Amino acid sequence: MCGARPLHAEVVAIVAAGAVTPIGADLDAFWSGLVTGADGISAIERFPVADLRVGRGGEIKKLPHPRRPGRLPACRASRLLLGAADDLCARALLDVDPARLGVVVGTALGGVEELEHALGGDRTPRRAAATLYDSPGRALARYLGADGPVITVSTACASGATAIGVGADLLLDDRADLVVAGGYDVLCRFVMRGFDALRSLTRDCVRPFDRRRSGLLLGEGAGLVLLARDAAWRGPRLGRLLGHASTSDGSHIAAPDPTGRGLETAVTRALRAAGLPPASVDFVSAHGTGTPLNDRIESGVLRRVLGARAEAIPVNSIKGPMGHTMGAAAALEAVMCLLASRHSLIPPTLGYEEADPECGLDYVPAVPRPARARVSLSTSLGFGGCNAALVLEGAAA
Amino acid sequence: MNGVGVAGIGLVTAWGEGLAALPGDARRAAAGRRVIAMPRLEIAGDRFRRATRECLMGVAAVEAMLRRTRLDRAALAGDGTALVYVTAAAYGAANREFVAPSTPIGALHFPYTAPSAVAAEVAIEFGLRGGYVILVGGAVTTVDALWQGGRAVARGECERALVLAVESFAECEELYARARFRVPTPLVEAAACALLVPGEGELVVEPPVASRGRGPSPLETRARRRAGETFACAPLIALALAGESEARGVLTAEWRGRRAALAIRG
């Protein structure tokens, strides 16, 4: 959890990944969308937004249909998870005793859209039961036949990273032999109303680290990875999780700590857990929401932690083309880091055009950048002072 | 997880503070009520004006633990204390109010709809800036929370870990009844925490053990009989009962058809 001790021999293999995103319905389409500059932001069509200041987001227009037989979940969050699981299972076999297969998913919103339905006239027991935030994770476990630990993490928008960390801990403590871990969240009226009321949404495009940045847009999606103990895994792998840490700001219910102290602790601990100095980092996948405060604080933390090399390390944020996918964001960003290593190509920070002297790092603009990015750092922040950091090592193609 | 002790447990329930407030038989004491609700607690500080009552319950549980252990709140502050928070339902009331407001709500209501709000208020109040994990689920998930906290202590990743659970039901009583959860009543609102530390404390928790085919342990049964159904708080209440009676053995937990178990050494 805290990662204050080096993991070294306790490295976790990331065997494969699966994704459902606004820019692509599977992992290949996700990567292709990232590097070709696909735009997943559109007018929201699935629920009313006329009364909101902003009615755009990264809405997935068509969900993939589950490949396995069974009753189709009414819950959109579960559908997203099942779609990502199908993609994952097409790339790796879950060949393990079901009692040794764990599931850890992160979410900011759980099945909250089900509450909107349940209070809006759908009085079925199924809808009411689905209002609990752990319901989609349980649906995923049922779908996969997982009978090991099933855990739902909710560290707000850092949930995906924390979930991957908890999944690694399950393996390192021998509570499971394989773990499906990641994050998801659904774009629904509940969350659009919330961010609209906070005036966090931009009428412009999302511009992480840009001088003109004026807020975020929301998106939806799911990202899952298959984790195994590295020493025991004999097959190919996408990469490795070298270290992780999650910390609390203890500062404010909604805003990040202006000093960035909590995020700094998370990054420092994750690097220490990985047994790596900051100079080892080749690439940073930043949270980069495009809000004035987040991007300034995050840049300051990276500058302090990465030290003299900070300005030489490429940084990106992929929230421009998809919006902020909340619980899915950190999981998708972790997957992006591994794919960047595999393809020796760093996806661009769409929307970043004009440098902000208050940020001042090497943000990858408009087009993908060829780069050797073996070790990457992925940072995440969330409401309630949640911070998380992952240190990842990608496997070359 | 060798060398992890429970330094103290804090407990506030709708029955009152501590184990002494629990009835001998919660079902009988409920006298047919499905939910035993806890009123909004009065905690000094303008900062809590907007906080939900679940946040206040979390703060009260930690304060109860500090009183019981005679620890100063400064002992918790800083990045050496990890916080592992767990709840199955303590966000339901705020969510319901956001979807269908009974009174006008402000922009800052939205952050309080997240399960992380309770953990955030506790972290702010006690200055906790260490490891941070928030889990959603019932009693089985609290076993996972104790594992996470105990693991961090055992590996020296933190100096101490506060495992906190909060549950509220009143505002969503009708919804839960509609969901036909197969849980015994009464549902009893509660907040409980355990402070895990290195070395031997009142109890020693060991990692979750296989629970397939296992029925409820005497401790689980006793906690339910005394407190009622408290979802994520139940294992912490059971830990408190174990400490009181110097019990040892296995603590089991159940949530929505899954079971987990935790070994306890007295």
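What follows draws every value from the coordinates through simple rules; no lab data is involved. The structure displayed is predicted, hence computed values, not measured ones. All Cβ positions, glycine included, derive from the backbone under ideal geometry; neighbour counts span all protein chains shown.
The stretch A:202-275 and the stretch A:327-345 have Cα centres lying 11 Å from one another. Approximating the spin labels as points 7 Å out from Cα along Cα→Cβ, the residue A:95-to-residue B:50 distance works out to 5.4 nm. Over chain A, DSSP H runs of length four or greater, each weighted -39,500 (n - 2.57), average out per residue to a 222 nm ellipticity of -9000 deg cm²/dmol. Peptide A:169-179 is shielded by partner chain Cβ atoms: per residue, an average of 3 of them sit within 10 Å of its Cβ. Gyration tensor over the Cα atoms of the stretch A:265-397: the corresponding equivalent ellipsoid has semi-axes (square roots of 5 times the eigenvalues, largest first) of 19, 18, 15 Å. Panel order for B:57, A:336, by other beta carbons found within 10 Å of each beta carbon, from fewest to most: A:336, B:57. Where is the GNM fluctuation largest for chain B (alpha-carbon springs, 10 angstrom cutoff): B:245, B:102, B:217? Checking each option, the largest mean-square fluctuation is seen for B:102.
The local environment of residue B:26, defined by Cβ-Cβ distances under 9 Å, has a net charge of +3 under the rule Lys, Arg +1 and Asp, Glu -1. Using a Gaussian network model of chain B in which every pair of alpha carbons under 10 angstrom is joined by a spring, one finds that among B:162, B:195, B:19 the greatest mean-square fluctuation is at B:19.
In this structure the amide hydrogen of residue B:82, modeled in the peptide plane, comes within under 5 Å of the amide hydrogens of B:131, B:159, B:160, B:161, B:162, none closer than 5 places in sequence on its chain.
Dividing the mean sequence gap of close Cα pairs (under 8 Å, 6+ apart) by how many residues chain B holds gives a relative contact order of 30 percent. Pick from A:242, A:94, A:271 the residue whose mean-square fluctuation is largest in a GNM of chain A, springs joining Cα atoms under 10 Å. Of the options given, A:94 has the highest mean-square fluctuation. For the stretch A:222-235, putting each phi into the Karplus relation 6.51 cos²θ - 1.76 cosθ + 1.60 with θ = phi - 60° gives couplings of 8, x, 10, 10, 9, 9, 8, 5, 4, 5, 8, 7, 9, x Hz, in residue order, rounded to whole numbers and with x for Gly and Pro. Computed over every Cα-Cα pair of the stretch A:13-63 and binned at 10 Å starting from 0, the pair-distance distribution P(r) comes out as 24, 41, 25, 9, 1 percent. Between amide H atoms placed 1.01 Å from N, distances below 5 Å from residue A:363 occur with A:315, all of them 5 or more places distant or on a separate chain.
Candidates B:136, B:168, B:185 compared by Cα position along the dipole of the stretch B:125-188: farthest toward the positive end lies B:136, with charges placed on Cβ. Placing +1 on the Cβ of every Lys and Arg and -1 on the Cβ of every Asp and Glu, with no other charges, gives the stretch A:289-393 a dipole of roughly 380 debye about its Cα centre.
Based on C-alpha pairs under 8 angstrom that are at least 6 apart in sequence, chain A has a relative contact order of 24 percent. Taking every alpha-carbon pair under 8 Å whose residues sit at least 6 apart, the stretch A:66-143 reaches a relative contact order of 37 percent.
Legend: mean number of C-beta atoms from other chains within 10 angstrom of residue C-beta atoms, peptide A:196-202, equals 2. Projected label points at residue B:263 and residue A:367, each 7 Å from Cα along the beta carbon direction, are separated by 6.1 nanometres. Close amide H pairs (under 5 Å, H built 1.01 Å from N) link residue A:369 with A:346, residues at least 5 positions away or on another chain. About its Cα centre, the dipole of the protein assembly as shown is roughly 1120 debye, where the only charges are +1 on Lys and Arg Cβ and -1 on Asp and Glu Cβ. All C-alpha pair distances within the protein assembly as shown, sorted into 10 Å bins from zero, spread as 3, 18, 30, 28, 16, 5, 0, 0 percent across the bins. Restriction of the trypsin sites (Lys or Arg not before Pro) in the stretch A:166-273 to DSSP coil positions whose beta-carbon has at most 15 other beta-carbons within 10 angstrom yields A:199, A:203, A:211, A:212, A:234. Computed from the C-beta positions of residue B:28 and residue B:72 and an R0 of 45 Å, the FRET efficiency is 0.70 to the nearest 0.05. For the pair residue B:20 and residue A:174, a Förster radius of 45 Å applied to the C-beta separation gives a FRET efficiency near 0.70, rounded to the nearest 0.05. Taken as Cα centroids, the stretch A:79-121 and the stretch A:369-397 sit 23 Å apart, rounded to the nearest whole angstrom. Here chain A is treated with +1 on each Lys and Arg Cβ and -1 on each Asp and Glu Cβ, and its dipole about the Cα centre works out to around 300 debye.
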